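Novice: Mind looking over this structure? Questions follow.
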Amino acid sequence: MIVGVMTQPLRVKYAVAHLSDRPVSARLITVQAAKVSQSELGDSIELVHVDAPSTTSVTNRLVRGSATRRVLGWTRSGSHVGRRLERLIRRTLWRVRQAAPPSTPDAYTPAPAVVAAIRSTLEDHDVTEIICFDVFDLVTVEHALANHGDPPPVRVR
Amino acid sequence: MRIDVVTPWYPDHASVFLGVFVQQQVTALRSKGHNVNVEVAQIFPGPPGPIPPAVYEAMHRHAAQDVDAVYPTVDGATWIPCPVPARSGFAGRADAFATGIAAKRRFLPTEGEITHAHLGVPTAAAVLELGDHPVVVTEHQSTLDFVLDEPPARDRYREAIEQAAGFYVVAGHLRDRLIAAFGPEVTDRIDVIPNIVDLTDIAFRERDHERLDRWIYVGAIAAHKGTKLLIEAFLHHRANHNPHATLTIVGDGAEGRWLWNRATEAGAGDAIRLLGPLPHHEIGPHLSDADLMVHLSPAETFGIASLEGLGAGLPVISLRNGGAEHTWGSIESIAGVLLDVGSDAPAVSDSVAELADAPQRLDLASARRYVEVTYSASAVADRLLAAYTKAIS
């Protein structure tokens, strides 16, 4: 079995494309923020949703916001006013963000639920490979593999 | 010649269209016997604030055991994961690219005589930071205005223009934009080398152009591509000029469902075919079956799809979106119609009807020859090689 770990929605299409190509069974461990449906994955890929924050929760909110999409849809639809408005919004947001000190989220701490899901998969299945679809998940996977006698190869894709 | 190409966009199994034009350049240069190594800097967005060293340390540990585990190479292109803090802007991306590329090169060094960076910021700014010299840059990003709106990114961009051994854009309007941003002193530093338009799998078909029933559009279904205007113009045309008109769309995107619902509501669901994204070699037959390409994107850096349409013998209706008037505006009289940005659906629809009423002016065979001569892989590769040679010397 191949285990995929994916904790942000921007990587969904990579996970689907990569795992769907494989002839062997796969389990994709993912979090609520990285919404992916079983219908996207096909029958050979088992989807395991765990309750854990996404590493990139801030980014996710921006990407998923339907309001953001609507605004961008209008500003980029060809109107000069729209284009200028988007540039103004972006400039303003950029200045606000530069003025605000960066938050220091605890997002890089390996999520216990993801670690537990990886470990239980390792115990119950013959795992031949672990694929991280977000480079930030490497730390989590390393944590899960600590003290594991014969760890499978880990790849970033 | 040994050439290192660094790009944020390159096709892979999940994104078959991403950076196809970069891949076409690489293929053209290789076909002329040159050794081209590709590095694809891949953005992995993280939370705001510095990326913790633990992330890089984990990457390095795994790369040390198996370099392909972190830096996979497919067909001479190596993907480089670059963690990028949220809110760090385009300059932050440049820093992240520099860190990521430097880390990769510790495991997989490059041996190019020259580096070709795609995009001024983040890519050229990153490789210039690494001390890569000489660096030739190609700019073709549609978000250039947003880059220039961020003061640190703008500063990095100016440095990239000043430090690069050659700075090129894919169409003249991007050069105009950079001159407007940085002043006339950069005029002599920026030249144009266009993208490749690959007509290998696109056959030319002679048409009489008196019937423009079968419209085709190739590209993303998204607001910034003007697909709402496309569907409204198509519906107007069916209602007012030609009830037999059909529309084939090759591509997908966020507005696909809206587009389908709109067409269905208007009773034109049967007249629209949504084919989804297709590999480049499968698009040719659909172009061959069409009578007319309609491409209403309000902004294009280059606009390959319209040129491929001309190559297939299709007249093209397009907006003056930047790319279109610079790439085929000089042959508009024989190739189609360019409308002002802001044209409404009736204006587009009427222009199709006017074209069908007076097709004698069209000469698509000559238009295809123009595309072949100007944008062929061989011609563009020769211009790139001349740019590299000039930069090295």
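Novice: Just to be sure I understand the curve: with the Debye formula and one point per C-alpha of region B:1-129, what is log10 I(q)/I(0) at q = 0.10, 0.20 Å⁻¹?
Specialist: -0.30, -1.21
Novice: Still on this model: Provide the percentage of antiparallel DSSP beta bridges, counting only those with both residues in region B:214-374; round to the nearest 5.
Specialist: On the way: 1 of 20 bridges.
The antiparallel fraction comes to roughly 5 percent.
Novice: Continuing with this model, one more query. Please turn the phi angles of region B:367-383 into ³J(HN,Hα) values with the Karplus equation 6.51 cos²θ - 1.76 cosθ + 1.60 (θ = phi - 60°), one per residue in order, whole Hz, x for glycine and proline.
Specialist: Running phi through 6.51 cos²θ - 1.76 cosθ + 1.60 with θ = phi - 60° gives 5, 4, 4, 4, 5, 4, 5, 7, 10, 5, 4, 5, 5, 5, 4, 4, 5 Hz.
Novice: For chain B, with a Gaussian network of springs between Cα atoms less than 10 Å apart, report the residue from B:P285, B:P53, B:P346 with the top mean-square fluctuation.
Specialist: B:P53
Novice: Sticking with this structure for a sec: Can you list the residues in region B:201-238 whose accessible area drops by at least 20 Å² when all protein chains are present, compared with the chain alone? Use a 1.4 Å probe, heavy atoms only.
Specialist: B:A223, B:H224
Novice: With a 1.4 Å probe and all protein chains left in place, how much of the accessible area of the protein assembly as shown comes from carbon and sulfur atoms, in whole percent?
Specialist: Working: 11880 of 22820 Å².
Here carbon and sulfur together make up 52 percent of the probe-accessible area.
Novice: Next question. Which value, in Å² rounded to 10, gives the accessible area of A:T121 with a 1.4 Å probe and all protein chains present?
Specialist: Ignoring ligands and nucleic acids, A:T121 comes out at about 0 Å².
Novice: Additional query: Which value in nm describes the separation of the simple spin-label points at B:S330 and B:T264, placed 7 Å from the Cα toward the beta carbon?
Specialist: Result: 4.7 nm between the two label points.
Novice: With the Cα gyration tensor of the protein assembly as shown giving a ≥ b ≥ c as the square roots of its eigenvalues, does the rule (a/c under 1.5 for rounded; else a/b larger than b/c for prolate; else oblate) give rounded, prolate or oblate? Please report the intermediate quantities before stating the final value.
Specialist: Details: a/c = 1.76, a/b = 1.40, b/c = 1.25.
Judged from the Cα gyration tensor, the protein assembly as shown comes out prolate (a/c at least 1.5, a/b above b/c).
Novice: Quick one: Kirkwood hydrodynamic radius for region B:53-147, alpha-carbon pairs, angstrom, one decimal? All intermediate terms of the calculation are to be shown ahead of the outcome.
Specialist: Details: mean 1/r = 0.0705 Å⁻¹.
That comes to 14.2 Å for region B:53-147.
Novice: Still on this structure: When the dipole is taken about the Cα centre of the protein assembly as shown, and only Lys, Arg (+1) and Asp, Glu (-1) are charged at their Cβ, what size is it in debye, to the nearest 20?
Specialist: Values: 51 positive and 64 negative charges, 245 e Å.
Result for the protein assembly as shown is approximately 1180 debye, rounded to the nearest 20.
Novice: Let me ask another. First measure r as the distance between the Cβ atoms of B:A54 and A:D126, then evaluate 1/(1 + (r/R0)^6) with R0 = 30 Å and state the FRET efficiency to the nearest 0.05. Spell out each step's value before the answer.
Specialist: Numbers: r = 29 Å, r/R0 = 0.97.
Approximately 0.55, to the nearest 0.05.
Novice: Need the per-residue list for region B:58-72: every residue with at least 10 Å² less accessible surface in the complex of protein chains than in the chain by itself, probe 1.4 Å, sorted by number.
Specialist: B:A58, B:M59, B:R61, B:H62, B:D66, B:D68, B:A69, B:V70, B:P72
Novice: Report, in degrees rounded to the nearest 10, the 0 to 90 angle that the Cα long axis of helix B:151-163 makes with the longest principal axis of chain B.
Specialist: Result, in degrees: 80.
Novice: Among the DSSP beta bridges whose two residues both lie in the protein assembly as shown, what percent are antiparallel, rounded to the nearest 5? Kindly include the intermediate steps, with their values, before the conclusion.
Specialist: Numbers: 3 of 71 bridges.
Within the protein assembly as shown, antiparallel bridges account for around 5 percent of the total.
Novice: Return one whole number: the accessible area per residue of chain B in Å², for a 1.4 Å probe.
Specialist: Details: 14730 Å² over 393 residues.
On a per-residue basis, 37 Å².
Novice: Give me a comma-separated list of calculated 3J(HN,Hα) values for region B:299-314, in order, Karplus coefficients 6.51, -1.76, 1.60 applied at θ = phi - 60°, integers in Hz, x for any Gly or Pro.
Specialist: 8, 9, 6, 9, x, 5, 4, 5, 5, 5, x, 4, x, 7, x, 8
Novice: What nm distance separates the two modelled labels at A:R97 and B:I179, each placed 7 Å from Cα along Cα→Cβ?
Specialist: 3.2 nm
Novice: For every helix of n ≥ 4 consecutive DSSP H residues, a contribution of -39,500 (n - 2.57) applies; sum these over chain B, divide by its total residues, and give [θ] at 222 nm rounded to the nearest 500 deg cm²/dmol.
Specialist: Values: 17 runs with 171 residues, N = 393.
Computed ellipticity for chain B at 222 nm equals -13000 deg cm²/dmol.
Novice: Please list the non-local residues whose amide H lies under 5 Å from the amide H of B:L296, H modeled 1.01 Å from N, same-chain partners needing a gap of 5 or more.
Specialist: Long-range HN contacts for B:L296: none found.
Novice: For a quick check: with amide H placed at 1.01 Å from N, whose amide H comes under 5 Å from B:R214's, ignoring anything fewer than 5 positions away on the same chain?
Specialist: B:T246, B:D291, B:L292
Novice: For A:L28, list long-range residues whose amide hydrogen, built 1.01 Å from N in the peptide plane, is under 5 Å from its own amide hydrogen.
Specialist: Counting only residues 5 or more places away or on other chains, the set is A:G4, A:E46, A:L47, A:V48.
Novice: Just to be sure I understand: if you take the accessible area of chain B alone plus chain A alone and subtract the pair, with a 1.4 Å probe, what total do you get in Å², rounded to 100? Display every interim value, and only then the final one.
Specialist: On the way: alone 16580 and 9920 Å², together 22820 Å².
Summing both sides, the interface buries roughly 3700 Å².
Novice: Any idea what the relative contact order of chain B is, in percent, if you count C-alpha pairs under 8 Å spaced at least 6 apart?
Specialist: Working: 750 pairs, mean separation 58.7, N = 393.
Contact order relative to length: 15 percent.
Novice: With just the Cα atoms defining each centre, how far is region B:44-119 from region B:127-143? Give it in Å.
Specialist: Comparing the Cα centres of region B:44-119 and region B:127-143, I get a distance of 16 Å.
The values are calculated or read from the model by the stated rules, or taken from the named source; none is laboratory data. Keep in mind the model is a prediction, meaning the values are calculated, not measured. Neighbour counts are summed over all protein chains in view; Cβ atoms, including those assigned to glycine, are modelled from backbone coordinates with ideal geometry. Please note that ligands, DNA and RNA were not included when accessible areas were found on the heavy atoms of the full protein model with its side chains. Shrake-Rupley method; radii C 1.70, N 1.55, O 1.52, S 1.80 Å.
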